[in-house]
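K.L.:
Structure below; questions to follow.
The values are calculated or read from the model by the stated rules, or taken from the named source; none is laboratory data. Fair warning: this is a prediction, and the values are worked out from it, not measured in the lab. Note that we place each Cβ from the backbone using ideal geometry, even for glycine, and neighbour counts take in every protein chain shown. The protein model used for the area step is the full one, side chains on, heavy atoms only, and it has no ligands, DNA or RNA in it. Shrake-Rupley method; radii C 1.70, N 1.55, O 1.52, S 1.80 Å.
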Amino acid sequence: MIAMILPLFLFLIFTILGGFHFYWLFGGIWGVKKVIPTKSNELSPLHIPKLATLIVGLVLVLFGLIYLIKSGFVNIQLPSWVTTYGYWLIPSIFILRAIGEFNYVGFFKKINDTEFAKADSKIFSPLCLAIGLIGILVQLTSSTL
């Protein structure tokens, strides 16, 4: 049962996160000041990199679909490299994101006084760590079936 619920939970999280990126891509401004790392709190919605936002949105939705397939609700045959490496790569990406690059993002960032940094400490880094740990749990529970 847990091998079905956790992938669905990750599907939901990735779909919502992808939806936020598409919202910003098409001009939405809610939350923009909290989602782009900056040295100061000065950020214009015009500075949002559209191509990067599109790519991140598509990748997040793709990750969601991969976990939807993992849940068993959708029966699509994935390439063997996805099942061998992808289900370990995705959680690894998010755990590394939670750790951060030691300046702007992650638990060990140096810049802590911007709106992004505060949101990152309270929401983004813990969410990334949770996604990573749940992804590992999904792999461990499905490997033992």
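K.L.:
Just to be sure I understand the filter: pairs with C-beta atoms under 7 Å, separated by 6 or more residues or on different chains, first member in segment 1-20 and farther than 11 Å from GLY72 by Cβ, second member open to solvent by 70 Å² or more (accessible area, probe 1.4 Å). Which pairs pass?
P.N.:
What qualifies is LEU6/LEU137.
K.L.:
In segment 71-89, is there at least one residue being closer than 30 Å to ILE111 by Cβ and free of Cβ contacts under 8 Å to residues at least 12 places away in the same chain?
P.N.:
Within segment 71-89, one or more residues are closer than 30 Å to ILE111 by Cβ and free of Cβ contacts under 8 Å to residues at least 12 places away in the same chain.
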